[in-house]
Amino acid sequence: MYRIAPSILSANFAKLGEEITNVLDSGADIIHFDVMDNHYVPNLTIGPLVCEAIRPLTKAIIDVHLMVEPVDRIIPDFAKAGANIISFHPEASRHIDRTIGLIKEQGCKAGLVFNPATPLSYLDHVLDKLDLVLIMSVNPGFGGQAFIPEALNKLQAVRKRIDASGKDIWLEIDGGVKVDNIAEIARAGADTFVAGSAIYGAGKDSDPHRYDTIVSAMRAELVKV
Ligand code: DX5
Ligand code: ZN
């Protein structure tokens, strides 16, 4: 019931396909795909063409995290490119309920993302329509930042709301997740764990699929929860 979602932001882009198949063969569950636009966040990454290019490599879920503004125009492109989940930041949409509807009309699951200072009140009227809530434990824009502990309180609060809703809504954490804090994060209520630098920075030539050791270490921590 715990899902490990490597962020390909920290992968070697010169061999992205191999990096994706390796991390999945190492036991990761889903691919976290960070889209940044040098506008909503101060960085620029990858778009629908890259999503389309990696789609044939795997049946695993592609979890697209949109850090772009505006969001609506690009959603159908990601749906066509094979995204399974599309998440967006409420500050980046003029009409949050409409954006959620658009994602679902396109046949994808919808997620809402909360920056460290974004209040959970954005969930008040839309929680039932969401498939995923993503709590940012860093300010979005870059991999390799330190986990902000306040995210644990936020996770606990969202976990209560999800449980009260009775719906199967995933609770994902993104930013600064490592072997030494993943269990504590799970105890706070997360079930889906994005990890970029912690996984892609720990590849071993001696591992059969390069990331076996690090993914197993995270899994072993989760077993203790
Ligand atoms: C940050 C991205 C994250 C990032 C996480 O804006 O949304 O997905 O890749 O990287 P780490 O795990 O290195 O903090
Ligand atoms: Zn992300």
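Please treat every number below as a calculation from the coordinates, not as lab data. This is a predicted model, so every value here is computed, not measured. Heads up, the Cβs are rebuilt from the backbone with ideal geometry, glycines too, and the neighbour counts pull from every protein chain shown.
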Taking max minus min of the Cα coordinates of the stretch 98-225 on each principal axis, largest first, gives extents in Å of 49, 32, 28
Taking alpha-carbon centroids only, the stretch 69-111 lies from the stretch 148-225 a number of Å equal to 24
Per 5 angstrom bin, beginning at 0 and ending with the bin that holds the maximum distance, the Cα pairs of the stretch 45-117 fall in percents of 3, 18, 30, 25, 14, 7, 2, 0
If one builds a Gaussian network model of the chain from Cα atoms under 10 Å apart, the most fluctuating residue listed among L112, L132, L44 is L44
Mean projected area, convex hull of alpha-carbon positions in the stretch 134-179, reported to one decimal in nm², is 3.6
The FRET efficiency for N38 and Q106, from their Cβ-Cβ distance with R0 = 22 Å and rounded to 0.05, is 0.35
The answer for the per residue Cα convex hull volume of the chain, in Å³, is 111
Percent antiparallel among DSSP beta bridges confined to the stretch 1-132, rounded to 5, stands at 5
Length gained if M1 through V126 is fully extended, taking 0.36 nm per residue and subtracting the Cα-Cα distance, is 42.6 nm
Magnitude of the Cβ-charge dipole (Lys and Arg +1, Asp and Glu -1) of the stretch 1-103 about the Cα centre, nearest 20 debye, reported as 200
Any trypsin sites (Lys or Arg not before Pro) in the stretch 15-118 that lie in a DSSP loop and have at most 10 other Cβ atoms within 10 Å would be K59, R94
Expressed in nanometres to one decimal, the distance between label points 7 Å along Cα→Cβ at N153 and E184 is 1.5
Sorting A11, V158, I182 by the position of each Cα along the dipole of the chain (Lys, Arg +1; Asp, Glu -1; all at Cβ), the one nearest the positive end of that ordering is V158
Rounded to the nearest 500, the 222 nm mean residue ellipticity computed for the chain from DSSP H runs (n ≥ 4, each -39500 (n - 2.57)) alone is -9000 deg cm²/dmol
To the nearest 0.05, the calculated FRET efficiency linking K204 and A164 through their beta-carbon distance, R0 being 30 Å, is 0.10
Measuring from its Cα centre, the chain shows a charge dipole (+1 at each Lys and Arg Cβ, -1 at each Asp and Glu Cβ) which, in debye to the nearest 20, is 300
For K178, counting only lysines whose alpha-carbon sits under 21 Å away and dropping same-chain residues fewer than eight positions off, the answer is K154, K204, K224
